[in-house]
Amino acid sequence: MRRLAGLLVVPLLLLSTAACGDDSGSDSAQMKNGAPAITEGAKFGEKPALAKGKGGPPKELKVVTISEGDGPVLKKGDLAQVNYYGQVWDGTEPFDESFSKGKTFDVTLGAGKVIPGWDQGLEGRKVGSRVELVIPPNLGYGEKGSPPDIKPNATLVFVVDIVKGVAIPASATGKEVAQDNKDLPKVGTGTDGKDVPVTVPKDVAEPAKLVSSYVIEGDGPAVKDTDTVVVKFHGKTWKDDKTFEDMYAKGMSDTWPLEQLQVKGLKDGLVGKKAGSRILLVIPPDMGFGDKDQGTIPAKSTLVFSLDILAVM
C-alpha cells in the first residue's frame, strides 16, 4: 500500500550508496567545480541564485562543498533541518526553494522520504555546511519527472544549507507505566528499536473517545501543537487486529509537522506527551479517517497505535 505517512501529512516537495562525483571541473562565469555557479547569495544563510548549466550534465551524483561547517557529521537515520534552492540543469529559475519561506525543511536521512540524491548527497556532510548537489535523473524524479516544473529525465541542481542535525534514538526510553486496563490494547515495552507488539483485546467494545496513555514515560519536553515530531509506530485496526503499518519492523522513523497532520486523533493524542515516550493511541473513526477507505484501512475503522516520540523539533 501507499505509505501511511502520505495519508497523515500534507504532501511536501519530495526531494544507500552510489558513487558521487568529485568537485573537480573547469571554472567559468557559468560553471564552477563542474556545477552551475552561484551568481547571488553565495554565503551560508543567504538565498542563492544559480547560473544555467553549461554543456551536458554529469551522469553521476555530484556534491560540491561550497563552505564547510564545524558541526557534527550527518549519518543515516539523523534528522537534518535544511534550507534549499532547486533548479533544473538547463533552467534559469527555481522550481522550489525554502529560503524565502522562513522555515527549514526536515529530512530524515535514509528514510526514503526524499529523492535518493538528497539522502546520498547529504550523508557525511557537516552541520553548518553549504553544499551544491547535481542529481542525475535516476537519483531524482526519473522518467516521470514532477510536472509541471520538472520534466522527465531532468538533472536537478540544489544548493542546500544544513542548518541543524539531530541524532534520532532507536527507541523510546524511560519509566514503564502499568497497563492495567483490560479493555485496552497491550503494547510491548522492548527498547531495542525493533519489534513492538500490539495486542487488541477480543470481544471488547471499541472506545468511543480518544485514548492517549503512556506505556513508557520519557523525560523530554512536552509536545506542542506547533512542534515537529520524529516518531516510530505500529498501527493496527481494532476490528480485525490487523497491522496496516509497522515502522519498528522496518527500522524506519517518520517526521510529522503537527500543523500538517490530517488525522485529528494523532495530533490531539500527541500534544502534551513527553519526548522520549511510548504511548498507546486508540483513535475512533470520527477522529481518524472517518467514512472513507484509506488503502487497506476500511472505512469507519478504529485505529490503534503504539507510537514512540523519538524527538521534538
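Starting from residues that are under 19 Å from the mean Cα position of the chain (by Cα) and acidic (D, E), keep the ones in segment 249-282 and report whichever is least open to solvent (accessible area, probe 1.4 Å). In this case the residue turns out to be D254. Consider segment 294-313 and keep the residues that are assigned to a strand (DSSP E or B) and β-branched (V, I, T). The one that is most open to solvent (accessible area, probe 1.4 Å) is V312.
Yes or no, residue by residue, for (1) in contact with a Pro (Cβ under 8 Å, 6 or more places away or on another chain); (2) modelled with pLDDT of 95 or more:
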residue	(1), (2)
G251	no, no
V282	yes, yes
G288	no, yes
I309	no, yes
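Of the residues making up segment 81-126, those that are assigned to a strand (DSSP E or B), farther than 16 Å from L50 by Cβ and touching a helix residue (DSSP H, G or I) at 6+ places or on another chain (Cβ under 7 Å) number 1. Close Cβ contacts (under 7 Å, 6 or more residues apart or on different chains) running from residues in segment 134-159 that are within 13 Å of V114 (Cα to Cα) to residues that are open to solvent by 30 Å² or more (accessible area, probe 1.4 Å) comprise L139/A18; L139/P116.
Can you spot a residue in segment 197-216 that is closer than 30 Å to W118 by Cα and open to solvent by 50 Å² or more (accessible area, probe 1.4 Å)?
At the first step, the residues of segment 197-216 found to be closer than 30 Å to W118 by Cα are none.
No, there is no match, as no residue in segment 197-216 is closer than 30 Å to W118 by Cα and open to solvent by 50 Å² or more (accessible area, probe 1.4 Å).
The number of residues in segment 127-169 that are within 23 Å of A37 (Cα to Cα), in a loop (DSSP other than H, G, I, E, B) and hydrophobic (A, V, I, L, M, F, W, C) comes to 2.
Evaluating K242 against the criteria (1) over 30 Å from L109 (Cβ atoms); (2) open to solvent by less than 30 Å² (accessible area, probe 1.4 Å); (3) among the basic types (K, R) leaves one unmet condition, (2). Taken over segment 253-275, the residue count meeting the criterion of being modelled with pLDDT of 95 or more, more than 16 Å from Y214 (Cβ to Cβ) and among the β-branched types (V, I, T) is 1.
If only residues of segment 56-83 that are among the hydrophobic types (A, V, I, L, M, F, W, C) and under 14 Å from F158 (Cα atoms) are counted, the one that is most open to solvent (accessible area, probe 1.4 Å) is I66.
Go through (1) more than 25 Å from the chain's Cα centre (by Cα); (2) open to solvent by less than 60 Å² (accessible area, probe 1.4 Å); (3) under 21 Å from P298 (Cβ atoms) one by one and return the number of the condition K236 breaks. Here K236 meets the rest and fails (1).
Could you please find all residues in segment 92-107 being at pLDDT 95 or above and open to solvent by less than 10 Å² (accessible area, probe 1.4 Å)? Within segment 92-107, just S98 meets the criteria. Selection over segment 151-186 of residues that are of a type in the set (A, V, I, L, M) and open to solvent by less than 10 Å² (accessible area, probe 1.4 Å) gives a count of 6.
Of G124, G110, which residue is under 20 Å from F44 (Cβ atoms) and either of a type in the set (S, T, N, Q) or open to solvent by 30 Å² or more (accessible area, probe 1.4 Å) (or both)?
Numbers: G110 fails: under 20 Å from F44 (Cβ atoms).
G124 is the lone residue from the list that is under 20 Å from F44 (Cβ atoms) and either of a type in the set (S, T, N, Q) or open to solvent by 30 Å² or more (accessible area, probe 1.4 Å) (or both).
Residues in segment 36-47 that are out of contact with any Pro (no Cβ under 6 Å at 6 or more places or on another chain) and either more than 15 Å from T104 (Cα to Cα) or among the aliphatic types (A, V, I, L, M) (or both): 6 in all.
The values are calculated or read from the model by the stated rules, or taken from the named source; none is laboratory data. Here the structure is a predicted model, which is why all the values come from computation and not from measurement. Note that each Cβ is placed from the backbone with ideal geometry, even for glycine, and that neighbours are counted across all protein chains shown. Ligands, DNA and RNA are stripped out before the accessible areas are found, and what is left, the full protein with its side chains, is counted by its heavy atoms. Shrake-Rupley method; radii C 1.70, N 1.55, O 1.52, S 1.80 Å.
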